[in-house]
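K.L.:
My structure is below; once you've seen it, I'll send some questions.
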Amino acid sequence: MAKTYDCLFKLLLIGDSGVGKTSILFRFSEDAFNISFISTIGIDFKIRTIDLDGKKVKLQIWDTAGQERFRTITTAYYRGSMGIMLVYDVTNEKSFENIKNWIRNIEENASADVEKMILGNKCDLDDKRQVSKERGEQLAIDYQIKFVETSAKDSLNVEYAFYTLARDIKAKMEKKQEASNPPGARSGAHVLRASDQQRKPPSWLSRCSLL
Amino acid sequence: MCVIRLRTGWCTARGEPLSAAEREAVAAVVRRAEQLDELEARRVGRLVARLEGMRRSAQGPAPRACLLCGETSRLLAPLRTCSICRNSACPKCVIDTPPHRSPIYSREQYMCNLCAETREMWKKSGAWFYKSLPKYILPERKVTGRYNDTELARSLQVRQEAGNSSNECKTDSEPGSPLSIHAPSFSRQPSNTDSRKSISSQDVHHEWSETDILTHGVSGLSLHRTESITQRSIAGLKRTGSKGSAYSLRSIRKEVPKPQPEKPTIPDSGFGTLEIKLAYDNATSSLAVTVLRARGLIGMDMTGLSDPFCRLEILPREGTYSNRLRTKTVHKTKNPEFNETVHFFGITESDLAAKSLEIVLFDDDRYGCDEMGSATVSLRDCAKAPTQLRLALSGASGNEPTGPRVLLALCYNTKKRALVVTICRAAELPPQDSNGYSDPFVKLHLDPDPYHKKHKTSIKWRNLNPVWNEEFLFETRPTELSRQNLTLTFWDKDYGKPNDFLGSLVLGASSKGRRLKHWMDCIKFPDHRHEQWHALTDTQHL
């Protein structure tokens, strides 16, 4: 059963150029780190299957280019993704401020149910830090998004971040499932009577147009 | 400047266009993603097929018998009511759902296996997120009953020849190929169709897990079990069946690569091929394109056939002048013989070097046309001598329609016994009033409808992208639904003169392509909302 899985979650990494999106993904998918900076061309993706409460979840993680010139390509991938990681660089003030822009970008382009998470990357570089952890946390509270500081280089919290996001998506899935079923699923025998009554009157009069 | 852009990524000025190498890199990623999407579509297809198999083998709702196995109520095992579909099922065919948080209704809840499975399918396929079933490819025809190795070999070979070789090879070459791993786990059994009634709970569970393994593991060749057999015989069969099948599969795998298809292979992504002839005439500076035939097109309507025609265009366009030609439609076929020549005039030799010909196949339909595949060919080659080409068609570009469109949600509610149509929103409607806007509203009716019910949405004033989110009920039965059509017409409200027509949409069993799929999904999976965008057509048909 090596190749089968229960669900496929599509995740997306966005953030300014050079904040370490590709490194985070590289750390998560291959557990490795590359010091040199190679700008991503347009888009790329990696696959990793994780085990979540006994369910095999395949993660297809899209890595996007932060550069503006690829924006049209990258935004096309917002809609299909179930979870989005917003990445900023703790040693780069500008990238932190731009998180707001990225969130706006998500609101415009992504599905409304998308799960979000903010990552402050490069937290190993404490001497060059420009954005404190508290500010990151405050931003996350403002937007009611989960937040974690990571380091792709030291492999800090990277696994945790992806697992948390995947778990949130899974929780949402279970919740959705309950809600999507007709109300009978929630309120037992009471509804049986109600629905029986509903069925009886001839349909001529039930001119329901607006629910 | 460059540094700033690199550091921030939020430069307002758009960067330079992509270079050829960059385009190639992106295209490579997209191709990889498409392969993955296809695997995913096959997986979803297997889930759908499995659920359909279960539904087929279910006994159907009856007042005092189990929905699934037909068992009648007994003293020690009273029938339970499924809290979702409200059908009764015997204790062996229901599962306990976790008690709900509400303290008022703390009594036990049951869910019949069918509903549980539907729920599971909805989850696993990702439909919960996309609000309708994602694209899926059903597994190929199942073979039930006795199965021998020659048949297996033949079916393998057929698959190979069917042109699916590209993705087939991919799965095979990867380590841990499903074929090699799961071969020992499938069992054979004699066909015995009348034994369904005696499914006991253990059998049911066993059957599922077995089917699960089969459908997951031996994807394409799926031996699908519909009959029940006792647990003991499963074990026995497993033991006897395993060695032989494992061996035979392995031997077949070795043989398969040898017989090469005699024709030069072209990468086929499952959308069929097209044969054309190009001839350029210097004297009249005209290009004659003969569309000969197409083979193996995708089926678009209920019967799996299509009414294809080709639209040809020389790209890139010059100005607003569109150089677009089309062939006649060939009806009810997947292998049309067009044998038609169209001429493009005013093509210079320099055009030949720079431009290309795009051929898009459409399915002709009274209610608009659906794209079935497309191919692009560079004109450079035909400059000197006439050339005959065989092109592989690639899939329809972009799933979401553009232009005037509507987001529609369908849901068949089994409790109300009604089709719930939600008109969510529309986009890019054509302006009809002098102020550059329209005042749109939608009329909808089901046809034929014994109740002759017609509905209308509210009017959204001065709006080309209206959001309605209005729900309408049509009482009908699922069996009727497959004969009915839902017609939506979009109008611009005008006082003092007749309303202007904005567009229309017909969904139903006689529609095609994605509209047909949406309709069938709604019938197949009741009590779930299926949301989809549809393009509007400007033809008015009442």
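K.L.:
Summed for both chains, how many Å² of accessible area, to the nearest 100, are buried between A and B with a 1.4 Å probe?
P.N.:
Numbers: alone 12730 and 30110 Å², together 36630 Å².
Result for this pair: about 6200 Å² buried.
K.L.:
Also, I was wondering about something else. If you keep only loop residues by DSSP, which trypsin sites (Lys or Arg not before Pro) in segment A:49-102 have at most 15 other Cβ atoms within 10 Å of their Cβ? Show your work: numbers first, answer last.
P.N.:
Values: sites: A:LYS55, A:LYS56, A:LYS58, A:ARG69, A:ARG71, A:ARG79, A:LYS94, A:LYS100; in loops: A:ARG79.
Listed in order of number, the matching sites are A:ARG79.
K.L.:
Report ³J(HN,Hα) in whole Hz for each residue of segment A:14-28, in order, from the Karplus equation J = 6.51 cos²θ - 1.76 cosθ + 1.60 where θ = phi - 60°; Gly and Pro get x.
P.N.:
10, x, 4, 5, x, 7, x, 4, 5, 5, 4, 5, 5, 5, 6
K.L.:
So what is Rg over Rh here for segment B:273-392, counting just Cα atoms and using Kirkwood for Rh?
P.N.:
Values: Rg = 14.6 Å, Rh = 14.7 Å.
Using Cα coordinates only, the ratio equals 0.99.
K.L.:
Sticking with this one: For segment B:405-535, what relative contact order do you get, as a whole percent, if you take Cα pairs closer than 8 Å and at least 6 residues apart?
P.N.:
Values: 298 pairs, mean separation 40.5, N = 131.
Relative contact order here is 31 percent.
K.L.:
B:TRP468's amide H: which non-local residues (gap 5+, or another chain) put their own amide H closer than 5 Å, with H modeled 1.01 Å from N in plane and none for Pro or chain starts?
P.N.:
Residues meeting the criterion, in which the H sits 1.01 Å from N, are B:ARG425, B:ALA426.
K.L.:
Something else now. Per residue of B:410-417, what is the mean number of Cβ atoms on other protein chains within 10 angstrom of that residue's Cβ?
P.N.:
3
K.L.:
Could you work out what % of the accessible surface of segment B:405-535 is carbon and sulfur, using a 1.4 angstrom probe and leaving DNA, RNA and ligands out of the count?
P.N.:
Working: 2560 of 5150 Å².
Carbon-and-sulfur percentage of accessible area, whole number: 50.
K.L.:
Follow-up question, since we're still on this one. Using 0.36 nm per residue, how much length does the chain from A:SER155 to A:ARG48 gain when fully extended, once their Cα-Cα distance is taken away? Don't skip to the answer; put the middle values down first.
P.N.:
Values: separation 107, 0.36 × 107 = 38.52 nm, distance 1.63 nm.
Roughly 36.9 nm would be gained on extension.
K.L.:
Per q in 0.09, 0.12, 0.18 1/Å, what log10 I(q)/I(0) does a Debye calculation on the alpha-carbon atoms of segment B:339-455 return?
P.N.:
Each listed q maps to, in turn, -0.52, -0.77, -1.13.
K.L.:
Taking amide hydrogens as modeled 1.01 Å from N in the peptide plane, which residues meet the under 5 Å criterion relative to A:GLU149, leaving out close sequence neighbours?
P.N.:
Here the answer is A:GLY120, since their amide H atoms fall under 5 Å of that of A:GLU149.
K.L.:
Moving on. Please list, ordered by chain and number, the residues whose modelled amide H lies under 5 Å from the amide H of B:HIS528; skip anything fewer than 5 residues away on the same chain.
P.N.:
B:TYR412
K.L.:
Around A:LYS100, what is the net charge, scoring Lys/Arg as +1 and Asp/Glu as -1 over all other residues with Cβ under 14 Å from its Cβ? List each step's numbers first, then the result.
P.N.:
Numbers: positive: A:LYS94, A:ARG104, A:LYS116, A:ARG135; negative: A:ASP16, A:GLU93, A:GLU97, A:GLU107, A:GLU108, A:ASP142.
Spelling it out: positives minus negatives among the neighbours equals -2.
K.L.:
Output ³J(HN,Hα) for segment A:79-89: one whole-Hz value per residue in order, computed from phi by the Karplus curve 6.51 cos²θ - 1.76 cosθ + 1.60 with θ = phi - 60°, and x for Gly and Pro.
P.N.:
4, x, 8, 8, x, 10, 9, 9, 10, 10, 10
K.L.:
Determine the sum of side-chain charges near A:PHE45: Lys and Arg each +1, Asp and Glu each -1, restricted to other residues whose C-beta is under 14 angstrom from that of A:PHE45. Let's see the in-between values first.
P.N.:
On the way: positive: A:LYS10, A:LYS21, A:LYS46, A:ARG48, A:LYS58, B:ARG31, B:ARG32; negative: A:GLU30, A:ASP44, A:ASP63, B:GLU34, B:ASP37, B:GLU40.
Net charge in that neighbourhood comes out at +1.
K.L.:
Same structure again: How much of the accessible area of segment A:7-176, in percent, comes from carbon and sulfur atoms when a 1.4 Å probe is used? Walk me through the intermediate numbers first.
P.N.:
Values: 3250 of 6890 Å².
Using a 1.4 Å probe with all protein chains present, segment A:7-176 comes out at 47 percent carbon and sulfur.
K.L.:
What whole-number value in Å² describes the accessible area per residue of segment B:329-421 for a 1.4 Å probe?
P.N.:
Details: 4270 Å² over 93 residues.
Roughly 46 Å² per residue, with all protein chains present.
K.L.:
How much accessible area per residue does segment B:21-143 have, counting only protein heavy atoms and a probe of 1.4 Å, in square angstrom? Walk me through the numbers on the way to the answer.
P.N.:
On the way: 6130 Å² over 123 residues.
I get 50 Å² per residue for segment B:21-143.
K.L.:
How long are the semi-axes of the equivalent ellipsoid of segment A:1-108, defined as square roots of 5 times the Cα gyration tensor eigenvalues? Whole Å, largest first.
P.N.:
Working: eigenvalues 124, 54, 31 Å².
The equivalent ellipsoid of segment A:1-108 has semi-axes of 25, 16, 12 Å.
K.L.:
Hey, another quick one. Loop-only check: which GluC sites (Glu not before Pro) in segment A:102-145 are DSSP coil with at most 13 other Cβ within 10 angstrom? Each step should come with its number before you reach the end.
P.N.:
Values: sites: A:GLU107, A:GLU108, A:GLU115, A:GLU134, A:GLU137; in loops: none.
Sites meeting the loop and neighbour criteria: none at all.
The values are calculated or read from the model by the stated rules, or taken from the named source; none is laboratory data. Please read these numbers as outputs of a predicted model, since none were measured by experiment. Quick reminder, even Gly has a Cβ in these numbers, built from the backbone with ideal geometry, and neighbours come from all protein chains shown. Just the protein is used for accessible areas: all its heavy atoms, side chains included, with ligands, DNA and RNA removed. Shrake-Rupley method; radii C 1.70, N 1.55, O 1.52, S 1.80 Å.
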